[in-house]
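A short write-up of the structure that comes next.
The values are calculated or read from the model by the stated rules, or taken from the named source; none is laboratory data. In this text the structure is predicted, and so the values were computed from the model without any measurement. Using ideal geometry, Cβ is built from the backbone for each residue, glycine included, and neighbour counts are taken over all protein chains shown. Protein only, heavy atoms only, side chains kept; ligands, DNA and RNA dropped before computing areas. Shrake-Rupley method; radii C 1.70, N 1.55, O 1.52, S 1.80 Å.
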Amino acid sequence: EAVAELVARHPHERVRIEAYQERWVEMVAGPIAPTVALLARLDDAGVPLWALTNWSAETFALVRPDPAYAFLDRFRRIFVSGELRLAKPEPAIFQHVLAVIGAPPENCLFIDDAQRNVAAAAALGMRTHLFTDAAGLGQELARLGLLPER
């Protein structure tokens, strides 16, 4: 929708605007190997994993089949805000996820790189971690007893 709207307003920039969607996969930075390694360790240990992303439904669908993102299969479910028509940090999206997974907020650890999203999850009673790097996340997961020894 946004691409069509922008092309209508700026027809002389059509090629560049359409490249946003057509070449989306090239513009995404890609998986972060140390974080993917933590995900694998958690999954291998049987820790239940869910993902909540503010990705649009259209661009997520472009990235999802890419083999570089096969690690996403480790999540039991991925909640995509563009599909739900809700977005972080709105409380409704967190409440939806909690209802679907059937877990009380205090039993969940929410990890995000945006302080506003972490604050919203904490306000609902979730344990939280503000992601800055894989090393810090690994330390927090170990402290919580979620990350098994190698």
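Out of Ala99, Ala142, Ala103, which single residue is open to solvent by 20 Å² or more (accessible area, probe 1.4 Å) and farther than 19 Å from Ile78 by Cβ?
That would be Ala142, the only listed residue that is open to solvent by 20 Å² or more (accessible area, probe 1.4 Å) and farther than 19 Å from Ile78 by Cβ.
Quick check: is even one residue across the range 10-23 closer than 30 Å to Pro148 by Cβ, part of a helix (DSSP H, G or I) and of a type outside the set (Asp, Glu)?
no
Here is a list of conditions, (1) of a type in the set (Phe, Trp, Tyr); (2) open to solvent by 50 Å² or more (accessible area, probe 1.4 Å); (3) within 30 Å of Glu149 (Cβ to Cβ), and Tyr69 meets all of them except one; can you say which number that is?
Condition (2) is where Tyr69 drops out.
Say whether the condition of being in contact with a helix residue (DSSP H, G or I) (Cβ under 8 Å, 6 or more places away or on another chain), of a type in the set (A, V, I, L, M) and crowded, with 16+ Cβ neighbours inside 10 Å is met by at least one residue in the range 8-21.
Yes; the residues of the range 8-21 include at least one that is in contact with a helix residue (DSSP H, G or I) (Cβ under 8 Å, 6 or more places away or on another chain), of a type in the set (A, V, I, L, M) and crowded, with 16+ Cβ neighbours inside 10 Å.
Working carefully through the options Arg9, Arg23, Arg41, find the one that is out of contact with any Pro (no Cβ under 9 Å at 6 or more places or on another chain) and at pLDDT 95 or above.
The match here is Arg9.
Taking Leu86, is it farther than 25 Å from Gly138 by Cβ, without any contact (Cβ under 8 Å) to a residue 60 or more places away in the chain and out of contact with any Asp or Glu (no Cβ under 9 Å at 6 or more places or on another chain)?
yes
Here are the criteria: (1) open to solvent by 30 Å² or more (accessible area, probe 1.4 Å); (2) within 29 Å of Met27 (Cα to Cα); (3) hydrophobic (A, V, I, L, M, F, W, C). Tell me which single one Ala51 does not satisfy.
Unmet condition: (1).
Are any of the residues in the range 30-37 open to solvent by 50 Å² or more (accessible area, probe 1.4 Å), within 30 Å of Glu149 (Cα to Cα) and among the β-branched types (Val, Ile, Thr)?
Among the residues of the range 30-37, at least one is open to solvent by 50 Å² or more (accessible area, probe 1.4 Å), within 30 Å of Glu149 (Cα to Cα) and among the β-branched types (Val, Ile, Thr), which makes the answer yes.
Take the residues in the range 82-96 that are among the small types (Gly, Ala, Ser) and modelled with pLDDT of 95 or more; name whichever of them is farthest from the chain's Cα centre (by Cα).
Ala92
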